[in-house]
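Enquirer: Pasting in a structure now, in structure tokens, and then I'll have a few things to ask.
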Amino acid sequence: MAPKKLYIKTYGCQMNVYDSERMAEAMGGEGYETTERPEDADMILLNTCHIREKAAEKVYSELGRYKGLKAARPDLKIGVAGCVAQAEGEEIMRRQPMVDLVVGPQSYHRLPEMEAKVRSGGKALDTDFPEEDKFDHLKGRPKAKRGPTAFLTVQEGCDKFCAFCVVPYTRGAEVSRPAERVLTEARDLVERGVREITLLGQNVNAYHGHDGGLAGLIHALAEVDGLERIRFTTSHPNDMDEALIEAHGTCDKLMPYLHLPVQAGSDKILKRMNRQHTAEQYLRLIERLRAARPDLHLSGDFIVGFPEETEADFQATLDLIAAVEYGSAFSFKYSERPGTPAAERPQVPEDEKDDRLQRLQALLTKQQRSLQDAMVGRDVHVLFEKPGRLPGQMVGKSEYLHAVHVETSGIVPGDLARIRIESSGPNSLKGVMNPL
């Protein structure tokens, strides 16, 4: 009997990428193989994200593209998963009756039984926050070879309730996976070819599944033979404890790159965002981190045009960026999320948001290029991931998460090599082999 085909479209963050992998594995146990073409699929799953503006409407628009497929093949099953599924629930089926199942991010381990229900002619909806650990109920990963890098979710949910954010409502309260289960999954990934693992969480440094917190988990992972690199994302400044700061200086496998969102540089706006820290506290934290690891490259998140933001508030954000010097950053105009406190407040005009975003991104781009250009002439260690666009070219990431391409023979994905940086391009570095 020919295997059934599963098409998954993933929106949003790295955690959704991880979740999609696990959904594919869960359905693999039911006889499904993944396909890159929705036209070939027996089931289509949209794994959605609610962070971006008008996220739900974009999902409905995407669903509209599949009406022709569903009409031509009534047996095609269509599902919506992830945070939009959690937020919209049965409204999705009301607006798009062709949708067969809706499953939230904490319930996707139940996909096989939901699929069985829709195969028998029913509809399936599950947006609960179940008491059982979904990771315990997922089938084990198939032992297929993996690429050299992988994501590994260790923490989900958030208790911070920032005024602009829907995560506490769509992902629930903070929960951490027990360290031994994380270590077991990490060892399995290494056995399958992974050399770098990025630990994921909505608020990953609030991890408490190890007695030593996230720092304790990192040190335990550093003992896994064959695992060469460890990263983690995304963190909240208030949970960056002394042990984790120290780990940046003492754990060789923890890479010198940290994504630490601040969102704004104005204390008034930070308070209105419910960030529970000041700009000065954030700057002092950066000082402590750089004292532990002087070559640390920092990344951040910024929101411009938050309700009630004045030009002076925006200038405070520019001043903070100038003080920190970021290697990379993500920046956005504020947009309302229904149900969040900030959505009910007076909004900044769109033209002011546009102007501020352009000025902020110009400063961030200047910093990024300056720090990237400063890598020229330096030696970095590159974990190669895939062939480049040119014949004989390989591409990988430095310890600082810079993309590096090298024209060389004898390098294969998974190799870790010392590279001398020769030039800096708009979004990548070029280097040559520099033997140890």
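The values are calculated or read from the model by the stated rules, or taken from the named source; none is laboratory data. Just so it is clear, the structure is predicted and the values come from calculations on it, not from any experiment. Because the Cβ atoms are built from the backbone with ideal geometry, glycine has one as well, and the counts that use them run over all protein chains shown. These accessible areas exclude ligands, DNA and RNA; they are computed on the full protein's heavy atoms, side chains included. Shrake-Rupley method; radii C 1.70, N 1.55, O 1.52, S 1.80 Å.
Enquirer: Is there any pair linking a residue in segment 330-341 that is open to solvent by 20 Å² or more (accessible area, probe 1.4 Å) to one that is of a type in the set (G, A, S) and in a loop (DSSP other than H, G, I, E, B), with Cβ under 7 Å and at least six apart or on different chains, and which?
Expert: K333/G305; P341/A163
Enquirer: Inside segment 36-68, can you point out the residues that are at pLDDT 85 or above, open to solvent by 20 Å² or more (accessible area, probe 1.4 Å) and part of a loop (DSSP other than H, G, I, E, B)?
Expert: E36, R37, D42, R65 - these are the residues of segment 36-68 that are at pLDDT 85 or above, open to solvent by 20 Å² or more (accessible area, probe 1.4 Å) and part of a loop (DSSP other than H, G, I, E, B).
Enquirer: Hey, among the residues in segment 69-106 that are out of contact with any helix residue (DSSP H, G or I) (no Cβ under 7 Å at 6 or more places or on another chain) and part of a loop (DSSP other than H, G, I, E, B), which one's most open to solvent (accessible area, probe 1.4 Å)?
Expert: Ranking the qualifying residues of segment 69-106, first place goes to E90.
Enquirer: Give me a count of the residues in segment 142-171 that are part of a loop (DSSP other than H, G, I, E, B), of a type outside the set (A, V, I, L, M, F, W, C) and under 28 Å from R187 (Cα atoms).
Expert: Step one: filter segment 142-171 for residues part of a loop (DSSP other than H, G, I, E, B), giving 142-148, 154, 157-166, 171.
Narrowing further to those that are of a type outside the set (A, V, I, L, M, F, W, C): 142-143, 145-148, 157, 159-160, 171.
Next, from what is left, pick out any that are under 28 Å from R187 (Cα atoms): 142-143, 145-148, 157, 171.
Number of matching residues: 8.
Enquirer: So, in segment 386-436, exactly how many residues are in contact (Cβ under 8 Å) with a residue 60 or more places away in the chain and over 28 Å from A329 (Cβ atoms)?
Expert: 2
Enquirer: Still on this structure: So which residues in segment 123-149 are surrounded by 14 or more Cβ atoms within 10 Å (Cβ to Cβ), among the basic types (K, R) and at pLDDT 60 or above?
Expert: Once the filter is applied, which keeps residues that are surrounded by 14 or more Cβ atoms within 10 Å (Cβ to Cβ), among the basic types (K, R) and at pLDDT 60 or above, segment 123-149 yields K123, R146.
Enquirer: Is it the case that segment 227-244 has a residue that's within 25 Å of M23 (Cα to Cα), acidic (D, E) and surrounded by fewer than 19 Cβ atoms within 10 Å (Cβ to Cβ)?
Expert: no
Enquirer: Right, another one. Which ones in segment 217-226 are surrounded by fewer than 19 Cβ atoms within 10 Å (Cβ to Cβ) and aliphatic (A, V, I, L, M)? Before the answer, list the steps.
Expert: To start, the set of residues in segment 217-226 that are surrounded by fewer than 19 Cβ atoms within 10 Å (Cβ to Cβ) comprises 219-220, 222-226.
Scanning segment 217-226 gives A220, A222, V224.
Enquirer: Filter segment 330-386 down to the residues that are small (G, A, S) and closer than 17 Å to P307 by Cα, then identify the one that is nearest to the chain's Cα centre (by Cα).
Expert: Narrowing segment 330-386 to residues small (G, A, S): 331, 335, 339, 342-343, 362, 370, 374, 377.
Filter once more, so that each one left must be closer than 17 Å to P307 by Cα: 331, 335, 339, 342-343.
Numbers: S331: 15, S335: 20, G339: 23, A342: 24, A343: 24 Å.
Residue satisfying both the conditions and the ranking: S331.
Enquirer: Among what's in segment 379-400 and is open to solvent by less than 30 Å² (accessible area, probe 1.4 Å) and assigned to a strand (DSSP E or B), pick the residue that is nearest to S428 (Cα to Cα).
Expert: G396
Enquirer: Report whether or not R369 is open to solvent by 60 Å² or more (accessible area, probe 1.4 Å) and touching a helix residue (DSSP H, G or I) at 6+ places or on another chain (Cβ under 6 Å). If you could, list the steps in order and put the result at the bottom.
Expert: Numbers: open to solvent by 60 Å² or more (accessible area, probe 1.4 Å): yes; touching a helix residue (DSSP H, G or I) at 6+ places or on another chain (Cβ under 6 Å): no.
Considered against the rule, which asks whether it is open to solvent by 60 Å² or more (accessible area, probe 1.4 Å) and touching a helix residue (DSSP H, G or I) at 6+ places or on another chain (Cβ under 6 Å), R369 comes out as no.
Enquirer: When you scan segment 150-208, how many residues do you find that are open to solvent by 40 Å² or more (accessible area, probe 1.4 Å), farther than 20 Å from A220 by Cα and aliphatic (A, V, I, L, M)?
Expert: Matching residues across segment 150-208 total 1.
Enquirer: Which residue pairs have Cβ atoms closer than 9 Å, lie 6 or more positions apart in sequence or on different chains, and pair a first residue in segment 106-118 that is closer than 14 Å to A85 by Cβ with a second residue that is open to solvent by 30 Å² or more (accessible area, probe 1.4 Å) and part of a helix (DSSP H, G or I)?
Expert: The qualifying pairs are R110/H137.
Enquirer: A further question on this structure: Among (1) among the hydrophobic types (A, V, I, L, M, F, W, C); (2) surrounded by 14 or more Cβ atoms within 10 Å (Cβ to Cβ); (3) more than 30 Å from Q263 (Cα to Cα), which single condition is L360 missing?
Expert: Single failed check for L360: (3).
Enquirer: Residue check, L214 against (1) surrounded by fewer than 22 Cβ atoms within 10 Å (Cβ to Cβ); (2) touching a Phe, Trp or Tyr at 6+ places or on another chain (Cβ under 6 Å), all met but one. Which one?
Expert: Answer for L214: the failing condition is (1).
Enquirer: Just the residues that are open to solvent by 20 Å² or more (accessible area, probe 1.4 Å), without any contact (Cβ under 8 Å) to a residue 60 or more places away in the chain and under 29 Å from H219 (Cα atoms), please, taken from segment 248-289.
Expert: Restricting attention to segment 248-289, the residues satisfying the condition of being open to solvent by 20 Å² or more (accessible area, probe 1.4 Å) are 249-250, 252-253, 257, 267-268, 271-272, 274, 276, 278, 280-281, 283-284, 287-288.
Adding the requirement that they be without any contact (Cβ under 8 Å) to a residue 60 or more places away in the chain leaves 249-250, 252-253, 267-268, 271, 278, 280-281, 283-284, 287-288.
Result: G249, T250, D252, K253, Q281, L283, R284, E287, R288.
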